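Student: After the structure tokens below, expect a handful of questions from me.
The values are calculated or read from the model by the stated rules, or taken from the named source; none is laboratory data. Note that this is a predicted model, so its numbers are computed, not measured. So basically every Cβ, Gly included, is an ideal-geometry build from the backbone, and we count neighbours across all protein chains shown.
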Number of protein chains: 6
Amino acid sequence: LDGKNDMILLTRKADFSAAHFYWNPTWSEEENVKVFGKCANRQGHGHNYTLEVTVAGEIDVVTGFVVDLKLLKDILEREVVSVYDHRHLNYEVPEFAEGTGMVPTTENIAVAIWRRLAGKIPGAKLHRVRVYEMPDLFADFYGEGA
Amino acid sequence: LDGKNDMILLTRKADFSAAHFYWNPTWSEEENVKVFGKCANRQGHGHNYTLEVTVAGEIDVVTGFVVDLKLLKDILEREVVSVYDHRHLNYEVPEFAEGTGMVPTTENIAVAIWRRLAGKIPGAKLHRVRVYEMPDLFADFYGEGA
Amino acid sequence: LDGKNDMILLTRKADFSAAHFYWNPTWSEEENVKVFGKCANRQGHGHNYTLEVTVAGEIDVVTGFVVDLKLLKDILEREVVSVYDHRHLNYEVPEFAEGTGMVPTTENIAVAIWRRLAGKIPGAKLHRVRVYEMPDLFADFYGEGA
Amino acid sequence: LDGKNDMILLTRKADFSAAHFYWNPTWSEEENVKVFGKCANRQGHGHNYTLEVTVAGEIDVVTGFVVDLKLLKDILEREVVSVYDHRHLNYEVPEFAEGTGMVPTTENIAVAIWRRLAGKIPGAKLHRVRVYEMPDLFADFYGEGA
Amino acid sequence: LDGKNDMILLTRKADFSAAHFYWNPTWSEEENVKVFGKCANRQGHGHNYTLEVTVAGEIDVVTGFVVDLKLLKDILEREVVSVYDHRHLNYEVPEFAEGTGMVPTTENIAVAIWRRLAGKIPGAKLHRVRVYEMPDLFADFYGEGA
Amino acid sequence: LDGKNDMILLTRKADFSAAHFYWNPTWSEEENVKVFGKCANRQGHGHNYTLEVTVAGEIDVVTGFVVDLKLLKDILEREVVSVYDHRHLNYEVPEFAEGTGMVPTTENIAVAIWRRLAGKIPGAKLHRVRVYEMPDLFADFYGEGA
């Protein structure tokens, strides 16, 4: 707009369906159930997760874009959806695998997705990763040091 | 209304989060992947399912109810949600267990929930069971012989 | 389409915010609370109701309309929204007033709105009235004798 | 389920974004504005349309499917979305082109999509086409002779 | 994640249905209607309110939680939902009672809920209270001095 | 609340339906399609846009309002909706007209709406303009120098 580049935020959503459970192998079954409740069922249960990725940047005065939308969609697909969708997070996604001690809570999933995306979006800054586990529960992460 | 009992439909929603996968044990891995795609991953994935249960009946002229809402909610909780929520449908729900040959598709889940609820709702007729696996995919079942 | 008039259903939504409570004056307080639970609080509580009105008719081959949308909107506004919106159903809407014995349940509201609209929509047939009291609870009425 | 094939309905949604306007070339500008209001602006405006396609059929006892979901998605993409999405309905979609006299109302779009899909879904019967123009306005078509 | 505690935001929703009206007892009826419009109807009307409570904190490296979700849900239930749900805000909720001069607007409800929750959530900081009166109207409060 | 004016944010939504396309007249058709994809179709396509306008201010201790809601609604209607709704952004909205070089992307629409509203809301500060082009894509603008 009239030669002045304005900082703006652009958000794109993506979905993935995954299974997970919460379990601390150093605890007894009782302790796990006490802390994690129904989520401690090791057969796993699952969710339709919704991911909102927000990038910040200046509007390109020629294209009107902060970021190429097709490119952003491809990055989300390659870095996150292809890895998480129709997967069991505890067994098939490396950051939550046995021995990592990482429980796939909504909070940890948001941080893990941030790390998968940080530095991968050309020309814009990753601003926020929001993950909905259910429509009534979500986590927001603004990055290390934020 | 003025002594005339009118047939009306009442619908109540409930949610459950569950894991599942699609697999025919008499087929090869290749055959399963060809038919079921990503859903054939035997580690399982999951969904936030939404259930809509519709009952039909006359309005009680004293209470204005087709069915006692608290009772209906309790029945859905006892017969469906407590059995399906935070469970792995293939391993923990009897109607989809190994050996039944029942694949936990949205269609089969709708039929199974119908069977769990039919005849359990006092004073009203079960009219329709709708199950959403995702916001963009759902199945409706109107009962045997419908 | 090519001179053949096809039966089609058209649905329009409208919203209204109202207060209500459930109470049978011939019962004791205990009886009312037992049957109606929290809804028996005579100070009233309230909801954002959503109304879906479905009309059935043939498509006018010249306009492509079953019904003039602006006219339908005006009818809903005049017959329902202007009467129910920002009102206390038990005190201000005649069909639920003291002495009628009509409890303003979702079921009875659907029937009452049907009666307000029946015969008022030129050139189309009222097919269904759906009323949502909450996103997870709704009633459908298809008319007397349906 | 136990060898008995049950009739069930399966619904899948799809989206398309399109421009349109309402105009009868045999009328004056005044007449068009009187009947079609803001929609008579011939520069066009647009919507995010949501399409719900419902098919009816028996559940395949081996797969648990009424219809192969991937195939259904491909059919919707090929027959409807690829033709309507990011298009101007009045100029680029044959059934609404100048000279057809077909106004691209929600009702007519539902009928047109029915005709595009009828007979194209192997093993299941097209049951209903629902088109949302806005979240508060939609049309349902059940087919010729329905 | 790798021993570094990251600040993250977690949001949980809750719902309550309540009646209210807007009225300043030191004004005439005309003045009240001029300022508050339809909301000045002292019979009251009502809404399905949605509450979003956001807490900020570090992720516990053992549990993966910012806050125990069951505990958070119990706090929202005890401090807010049990007090506001199925109540008339003007008559039954102390902070809006006659003589306080507090009008139960969306803005004031957000502040009141902040005060009910501040300091009650162990191990995390209350970050934001959002209250939706309708899907198209909401207020955000970030605390005194924010 | 008790004489202390608290800063709060109030958000109101509004909708408009518009047509648009993306095109740089100094580029070849190939270049436009390469950068803008399906959006480069000069017949135009369209969307149901959702606008969220957030204002910040102190709560008036007498009315409980940050801003008069009726007034805010009128301003959104006059400054934005009446200009954008049922319009073709490229042909009928001055800030995107031919020769401006302004492509009507979600980002640029958010900035343009900010400029239409800044300084027009008495007693409150414009805080954020959010524009949804689709439910899964939106832009946020916090103003020049933000």
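Student: Given (1) in a loop (DSSP other than H, G, I, E, B); (2) surrounded by fewer than 19 Cβ atoms within 10 Å (Cβ to Cβ); (3) not aromatic (Phe, Trp, Tyr), identify the lone condition not met by C:Leu71.
Tutor: It fails just one condition, (1).
Student: Looking only at region D:27-49, count how many residues are assigned to a helix (DSSP H, G or I) and either more than 14 Å from chain F (Cβ to nearest Cβ) or among the β-branched types (Val, Ile, Thr) (or both).
Tutor: Number of matching residues: 6.
Student: What pairs can you find where one residue is in region D:108-126 and at positive phi, the other is of a type in the set (Val, Ile, Thr) and part of a loop (DSSP other than H, G, I, E, B), and their Cβ atoms are less than 7 Å apart, with a gap of 6+ or different chains?
Tutor: If the second residue must be of a type in the set (Val, Ile, Thr) and part of a loop (DSSP other than H, G, I, E, B), the pairs left are D:Gly123/D:Val67.
Student: Of the numbered conditions (1) within 30 Å of B:Glu144 (Cβ to Cβ); (2) surrounded by fewer than 22 Cβ atoms within 10 Å (Cβ to Cβ); (3) in contact (Cβ under 8 Å) with a residue 12 or more places away in the chain, D:Ala40 satisfies every one except a single condition; which is it?
Tutor: Answer for D:Ala40: the failing condition is (1).
Student: Moving to a separate point now. Of everything in region B:1-17, what is modelled with pLDDT of 85 or more and either within 7 Å of chain C (Cβ to nearest Cβ) or farther than 16 Å from B:Ser82 by Cβ (or both)? Give them in sequence order.
Tutor: Answer for region B:1-17, where residues must be modelled with pLDDT of 85 or more and either within 7 Å of chain C (Cβ to nearest Cβ) or farther than 16 Å from B:Ser82 by Cβ (or both): B:Met7, B:Ile8, B:Leu9, B:Leu10, B:Thr11, B:Arg12, B:Lys13.
Student: It is to be established whether one or more residues within region A:10-26 are part of a strand (DSSP E or B) and over 15 Å from the mean Cα position of the chain (by Cα).
Tutor: Yes, some residue in region A:10-26 is part of a strand (DSSP E or B) and over 15 Å from the mean Cα position of the chain (by Cα).
Student: So which residues in region C:116-141 are outside any loop (DSSP other than H, G, I, E, B) and within 26 Å of C:Asn32 (Cβ to Cβ), if there are any at all?
Tutor: C:Val131, C:Tyr132, C:Glu133, C:Met134, C:Leu137, C:Phe138, C:Ala139, C:Phe141
Student: Which of the following residues is charged (D, E, K, R), assigned to a loop (DSSP other than H, G, I, E, B) and within 11 Å of another protein chain (Cβ to nearest Cβ): B:Glu52, B:Glu144?
Tutor: B:Glu144
Student: Out of A:Val66, A:Val62, I need the residue that is touching a helix residue (DSSP H, G or I) at 6+ places or on another chain (Cβ under 6 Å) and either at the interface with another protein chain (Cβ under 8 Å from one of its Cβ atoms) or acidic (Asp, Glu) (or both). Which one?
Tutor: After ruling out the rest, the residue left standing is A:Val66.
Student: Oh, and also: Here are some conditions: (1) buried (at least 16 other Cβ atoms within 10 Å of the Cβ); (2) without any contact (Cβ under 8 Å) to a residue 40 or more places away in the chain; (3) within 30 Å of B:Val103 (Cα to Cα). D:Arg78 meets all but one. Which one does it not meet?
Tutor: All conditions are met except number (1).
Student: Name the single residue, out of those in region B:95-135 being among the polar types (S, T, N, Q) and crowded, with 21+ Cβ neighbours inside 10 Å, that is nearest to B:His20 (Cα to Cα).
Tutor: Per the stated criteria, the residue is B:Thr105.
Student: Does A:Glu95 count as under 18 Å from F:Asp136 (Cβ atoms), of a type outside the set (A, V, I, L, M) and assigned to a helix (DSSP H, G or I)?
Tutor: So A:Glu95 does not fit the description; no.
Student: Here is a further query. Just need a number here: residues in region E:80-133 that are in contact with a strand residue (DSSP E or B) (Cβ under 6 Å, 6 or more places away or on another chain) and basic (Lys, Arg).
Tutor: So the count comes out to 4.
Student: Is there a residue in region A:77-84 that is aromatic (Phe, Trp, Tyr) and more than 7 Å from every other protein chain (Cβ to nearest Cβ)?
Tutor: Checked region A:77-84: at least one residue is aromatic (Phe, Trp, Tyr) and more than 7 Å from every other protein chain (Cβ to nearest Cβ).
Student: Then there is this: Among residues belonging to region D:98-125 that are aliphatic (A, V, I, L, M) and out of contact with any Phe, Trp or Tyr (no Cβ under 7 Å at 6 or more places or on another chain), point out the one that is nearest to D:Gly57 (Cα to Cα).
Tutor: Only one residue fits best here, namely D:Ala124.
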